[in-house]
Amino acid sequence: MTAEQLAALKLQIELAARAAGPIVGLLGPQATAGLIIGQAVAKLIPELVDTVQKLLAGEEPTEAEKADFQAKLAVLGNPDLP
Amino acid sequence: MKKLFLLPLLALALLVPGCASFSTNTFRAEQTAVNLAHGAYVGWTNYLAEFPVSAERSNAVKVARLKFAATAGTVEALRASYETNNQVRPTLEATLLTLADQSSNIVWLVTFFKEGAPAKSYVLVTNVYRMERK
């Protein structure tokens with residue numbers, strides 16, 4: 001990968017983090033939703049970094065990772081959710 | 001433009017050297033795309049719980065999400081086929097590129113609807129990437 005491609009991937013991860021939780025500042029510390037969003041972001045970044053590292057290492061996926069993948073895919077593909 | 005933004009994922013899947021199989025690299029690229037899309041979607045649902053959103057915007061995210069999931073299902077099916085028939089590899093690569101595109105689309109849509117406009121740095125890097133590809 002070139003430096004520009006790596007920069008683009010890094011920016012994509014940063015953009016996903018922003019998409020996951022930029023309203024924390026708008027809600028204020030008293031909002032419970034802010035805590036939930038903060039937790040989502042705190043989980044997302046290490047997860048993405050971990051996935052990219054495993055991709056670079058060519059590591060075989062575990063059963064737990066496959067189950068997590070299928071669970072997320074089921075959420076994303078649920079037509080009853082908003 | 002958005003497609004170019006996630007090309008590094010595909011490049012990772014196709015060009016990572018070493019002994020890892022193409023199928024494993026494909027799964028990791030899928031996993032990254034799903035994590036990105038899922039993270040953005042969690043943020044979107046939290047946003048929906050706090051702020052009013054027009055039906056048009058809500059529907060746009062939903063359509064993008066369902067298209068992404070359908071494409072991810074196709075990639076998984078092709079990946080399973082690839083285990084016994086390597087002739088599907090070009091189709092699998094093309095579908096994986098579409099998946100990366102749609103993941104980027106969800107992230108972009110959610111960010112756009114919540115913040116009003118994409119960040120300047122996003123446009124800048126995308127343009128740099130586009131120039132490099134020409």
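What's the total number of residues in segment A:56-77 that are crowded, with 17+ Cβ neighbours inside 10 Å and basic (Lys, Arg)?
Qualifying residue count, segment A:56-77: 1.
Can you say whether B:ALA69 is in contact with a helix residue (DSSP H, G or I) (Cβ under 6 Å, 6 or more places away or on another chain), at pLDDT below 90 and in a helix (DSSP H, G or I), as far as the supplied structure shows?
Details: in contact with a helix residue (DSSP H, G or I) (Cβ under 6 Å, 6 or more places away or on another chain): yes; at pLDDT below 90: no; in a helix (DSSP H, G or I): yes.
Considered against the rule, which asks whether it is in contact with a helix residue (DSSP H, G or I) (Cβ under 6 Å, 6 or more places away or on another chain), at pLDDT below 90 and in a helix (DSSP H, G or I), B:ALA69 comes out as no.
Select from segment B:46-65 the residues that are facing chain A (nearest Cβ under 7 Å) and either closer than 20 Å to B:LEU97 by Cα or without any contact (Cβ under 8 Å) to a residue 60 or more places away in the chain (or both) and write down the one among them that is surrounded by the fewest Cβ atoms within 10 Å (Cβ to Cβ).
Here is the first cut: in segment B:46-65, the residues facing chain A (nearest Cβ under 7 Å) are B:46-50, B:58, B:62, B:65.
Within this subset, residues satisfying the condition of being either closer than 20 Å to B:LEU97 by Cα or without any contact (Cβ under 8 Å) to a residue 60 or more places away in the chain (or both) are B:46, B:48-50, B:58, B:62, B:65.
Numbers: B:ASN46: 20, B:LEU48: 14, B:ALA49: 11, B:GLU50: 14, B:SER58: 15, B:LYS62: 15, B:ARG65: 27.
Per the criteria, the residue is B:ALA49.
Could you check how many residues of segment A:37-64 are modelled with pLDDT of 90 or more and part of a helix (DSSP H, G or I)?
Residues of segment A:37-64 modelled with pLDDT of 90 or more: A:62-64.
Subsequent filtering for residues that are part of a helix (DSSP H, G or I) retains A:63-64.
Counting residues in segment A:37-64 that are modelled with pLDDT of 90 or more and part of a helix (DSSP H, G or I) gives 2.
Of everything in segment B:76-108 that's hydrophobic (A, V, I, L, M, F, W, C) and over 12 Å from the mean Cα position of the chain (by Cα), which residue is nearest to A:PRO79 (Cα to Cα)? Let's see the steps before the verdict.
Filtering segment B:76-108 for residues hydrophobic (A, V, I, L, M, F, W, C) gives B:77-78, B:80, B:88, B:92, B:94, B:96-97, B:99-100, B:106-108.
From the residues that got through so far, the ones that are over 12 Å from the mean Cα position of the chain (by Cα) too are B:77-78, B:80, B:88, B:92, B:94.
Values: B:ALA77: 20, B:LEU78: 23, B:ALA80: 25, B:VAL88: 29, B:LEU92: 25, B:ALA94: 25 Å.
Out of the qualifying residues, it is B:ALA77.
The values are calculated or read from the model by the stated rules, or taken from the named source; none is laboratory data. The model shown is predicted, which means the values in this text are computed figures rather than measured ones. All Cβ positions, glycine included, derive from the backbone under ideal geometry; neighbour counts span all protein chains shown.
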